[in-house]
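Shown next, in structure tokens, is the structure this report addresses.
The values are calculated or read from the model by the stated rules, or taken from the named source; none is laboratory data. Keep in mind that what you see is a predicted model, and the values were worked out from it rather than measured. Every residue, glycine among them, receives a Cβ derived from its backbone with ideal geometry; neighbour counts consider all protein chains shown.
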Ligand SMILES: NC(=O)c1ccc[n+]([C@@H]2O[C@H](COP(=O)([O-])OP(=O)(O)OC[C@H]3O[C@@H](n4cnc5c(N)ncnc54)[C@H](OP(=O)(O)O)[C@@H]3O)[C@@H](O)[C@H]2O)c1
């Protein structure tokens, strides 16, 4: 079995480490890549082909994990050469996922839940061809959502609707607690009902949101555009908060 990567950043590197089997070989290409990516690839036990077209043609499973902006163009350029599965793991909207699926056969809509370098990343899949990826559960936690392309990306977006809005609320309430000199007590009292890990998780969520507020705002805008027909009072308020 050959797994090919278009994009060799955090996601591909970590997947290679998780999927360890004598029966699986990995391939990619240096074609057009930055010095940083070339250096990363050279450190790994991976076969390097001259072009991404060759990578796609040779792969039983082709993984597209590059960037939300490149995902569609990569599919337009290489999707037609796929002979096996084309698995997209980029953070893209269900609309883009559906658009990508038009450029390749045997498409699988994939979503990484949590950071790929966390202790237990989970992959969610959607699409009929996801059944052919079930063997990956020997190496990584995974779940097939449905046969409907777009469902994995939609679930991930729904998850973000909740987590990103909640982060904005946490920022606001902890600021009020701080102004009242009750910040520690605020986290302690919430931990009584939310569980002992709440304080660490909440602080990590607040820090992450503040440090990446531009990206988080863009993601909230994407959610608002995608679920435009739904009531989004809380999400819009969270966006307003992050933009301040
Ligand atoms: N990291 C996570 O935990 C996580 C979780 C969920 C989803 N994702 C999604 O997974 C994707 C990859 O994330 P990452 O963390 O691995 O990103 P990353 O560390 O920034 O790496 C991106 C890689 O993609 C390459 N690339 C970009 N455009 C390309 C193109 N047109 N053709 C070939 N290679 C290209 C880059 O090469 P150059 O350096 O040459 O540009 C780099 O090797 C993103 O869409 C991200 O949203 C990531």
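Among the residues making up the range 59-83, those that are in contact (Cβ under 8 Å) with a residue 60 or more places away in the chain and within 13 Å of the ligand (Cβ to nearest atom) are 63, 65, 66, 67, 70, 74, 78. Any idea which of 201, 214, 241 is assigned to a helix (DSSP H, G or I) and surrounded by 14 or more Cβ atoms within 10 Å (Cβ to Cβ)? 241 is the lone residue from the list that is assigned to a helix (DSSP H, G or I) and surrounded by 14 or more Cβ atoms within 10 Å (Cβ to Cβ).
Checking each residue in the range 101-114 for being touching a residue at least 24 places away in the same chain (Cβ under 8 Å) and either within 12 Å of the ligand (Cβ to nearest atom) or surrounded by fewer than 20 Cβ atoms within 10 Å (Cβ to Cβ) (or both) picks out 103, 106, 110, 111, 112, 113. The residue that is nearest to residue 2 (Cα to Cα), among those in the range 91-121 that are assigned to a loop (DSSP other than H, G, I, E, B) and at pLDDT 95 or above, is 106. Going through the range 6-17 one residue at a time, which ones are exposed (fewer than 15 other Cβ atoms within 10 Å of the Cβ) and away from the ligand (no atom under 11 Å from the Cβ)? Result: 17, single match. Sort out which residues of the range 24-58 are within 22 Å of residue 77 (Cα to Cα), more than 12 Å from the ligand (Cβ to nearest atom) and in a strand (DSSP E or B), and write them in order of number. Within the range 24-58, 26, 27, 47, 48, 49 qualify.
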